[in-house]
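Novice: My questions all concern the structure below.
FYI, it's all coordinate maths here, none of it is from the lab. Everything quoted here is computed from the prediction, not taken from an experiment. Note: ideal-geometry Cβ built from the backbone for every residue, glycine included; neighbour counts use all protein chains shown.
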Amino acid sequence: MSGGQPLRVLDRVDLHVEPESFVAVVGPSGSGKTTLLGLLAGLDDPTEGTVTVAGENLQTLTEDGRARFRADNVGFVFQTFHLLPTLTALENVMVPLELRDGPPGENGRSIRARATALMERVGLGDRGGHYPAQLSGGEQQRVALARAFANEPRILFADEPTGNLDRKTGQHVVELIEELNQELRTTLVLVTHDLDLAGRAHRTISLEDGRIVSDEMGRPTLGGGVAP
């Protein structure tokens, strides 16, 4: 609601995303980009229509069911990193693994080994013991990226992942996202204001006033089918 009147953030959006592809969503502020990500991730409910991700109708799931679905299938990268300040970089990467697999226990070594390998993969193998406040913005975003890929998600949602980074650092983060997208065959849906970044995608969706106003193909995708 806005001023007592219904507010339509997205209007008759009909979107299918190919598995293993890299899709950029662009548009001015207030066009509905972040709301679209929230719906695709099951964080928000549509007032009408359905959202199907990886063959699962999210509206049929309970809140706990959606949380389990996200833990098993989805990774997130945010503009503001969202690292836990009281945990080290390595411990932050371990969090989604521990949430999925339970307390470390007998799995402790494998969880730590997986997190350590990802920290090395993003070039921070020597920074695992540092806390977020001891890391630069680019380093924090790389930790967030390692955390997002910890569970080898089928789908990665990224909301302005380079928005708080300088151009050079942002380009490095995007290259890492692309490399991991290709290596792990993860579907990538990325919201950005950066048209150069959007130009690297397989497909660019433009939103204005909650509607898709253009849908342009870029580089070829890695696979076929439809998901989410």
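Novice: Return the long-range amide H neighbours of GLU18 (sequence gap of 5 or more, or a different chain), with a cut-off of under 5 Å between placed amide H atoms.
Specialist: Hits under the 5 Å cutoff: ALA227.
Novice: How far is it, in nm, from the label point at THR52 to the one at GLU208 when both lie 7 Å from their Cα along the line to the Cβ?
Specialist: Inter-label distance under the simple model: 3.1 nm.
Novice: Here's something else I'd like to know. Relative to the longest principal Cα axis of the chain, at what angle does helix 108-121 sit, 0 to 90 degrees, rounded to 10?
Specialist: Helix 108-121 and the main axis of the chain meet at about 70 degrees.
Novice: Where nothing but the Cβ of Lys and Arg (+1) and of Asp and Glu (-1) is charged, how large is the charge dipole of the chain around its Cα centre, in debye to the nearest 20?
Specialist: 340 debye
Novice: How much length is gained if the chain between THR60 and ARG167 is pulled fully straight, taking 0.36 nm per residue apart and subtracting their Cα-Cα distance, in nm to one decimal? Spell out each step's value before the answer.
Specialist: Working: separation 107, 0.36 × 107 = 38.52 nm, distance 4.14 nm.
Roughly 34.4 nm would be gained on extension.
Novice: Still on this structure, I have one more. Would you calculate a helix-derived [θ] at 222 nm for the chain, using -39,500 (n - 2.57) for each DSSP H run of n ≥ 4 and dividing by the full residue count, to the nearest 500? Let's see the in-between values first.
Specialist: Values: 7 runs with 80 residues, N = 228.
When only DSSP H runs of four or more count, the value is -10500 deg cm²/dmol.
Novice: Once the Cα atoms of helix 63-73 and of the chain are each reduced to a long axis, what angle between those two axes, in degrees from 0 to 90 to the nearest 10, is obtained?
Specialist: 70 degrees
Novice: What list of ³J(HN,Hα) values in whole Hz, one per residue of the range 9-25 in order, does the Karplus curve 6.51 cos²θ - 1.76 cosθ + 1.60 (θ = phi - 60°) give from phi, with Gly and Pro shown as x?
Specialist: Residue by residue, the range 9-25 yields 7, 10, 10, 6, 7, 10, 9, 10, 10, 6, x, 6, 8, 10, 10, 9, 10 Hz.
Novice: Rounded to the nearest 0.05, what FRET efficiency do LEU43 and GLU183 give with R0 = 41 Å and r taken as the Cβ-Cβ distance? Could you check?
Specialist: Calculated transfer efficiency: 0.95.
Novice: Moving on to the next point. For the pair ALA117 and GLU216, what calculated FRET efficiency results from E = 1/(1 + (r/R0)^6), where r is the Cβ-Cβ distance and R0 = 35 Å, to the nearest 0.05? Walk me through the numbers on the way to the answer.
Specialist: Details: r = 36 Å, r/R0 = 1.03.
Using R0 = 35 Å, I get an efficiency of 0.45.
Novice: Moving on to the next point. Let me check against my output: what whole-number percent is the relative contact order of the chain, with C-alpha pairs under 8 Å and at least 6 apart? Provide the component values of the computation, followed by the final result.
Specialist: On the way: 391 pairs, mean separation 84.5, N = 228.
This gives 37 percent for the chain.
Novice: For the chain, take the longest principal axis of its alpha carbons; what is the angle in degrees between that and the long axis of helix 137-148, to the nearest 10 within 0 to 90?
Specialist: 80 degrees
Novice: Work out, in µm²/s and without decimals, the Stokes-Einstein translational diffusion coefficient of the range 109-204 at 4 °C, 1.567 mPa s, Rh from Kirkwood over C-alpha pairs.
Specialist: 93 µm²/s
Novice: Out of THR35, SER206, GLY163, whose Cα points farthest toward the positive end of the dipole of the chain (charges: +1 Lys, Arg; -1 Asp, Glu; placed on Cβ)?
Specialist: Projecting each Cα onto the dipole axis, the largest value belongs to GLY163.
Novice: With each pseudo-label sitting 7 Å past Cα toward Cβ, what's the ALA133-SER29 distance in nm, one decimal?
Specialist: Distance between label points: 2.9 nm.
Novice: Considering amide H positions built from the backbone, and no H for Pro or chain starts, which residues 5 or more places from VAL191, or on another chain, come under 5 Å of its amide H?
Specialist: HN-HN under 5 Å from VAL191: VAL25, ALA158, ASP159, GLU160.
Novice: Please report the relative contact order for the range 1-96, taking Cα pairs under 8 Å with a sequence separation of at least 6, and give it as a percent rounded to a whole number.
Specialist: Contact order relative to length: 14 percent.
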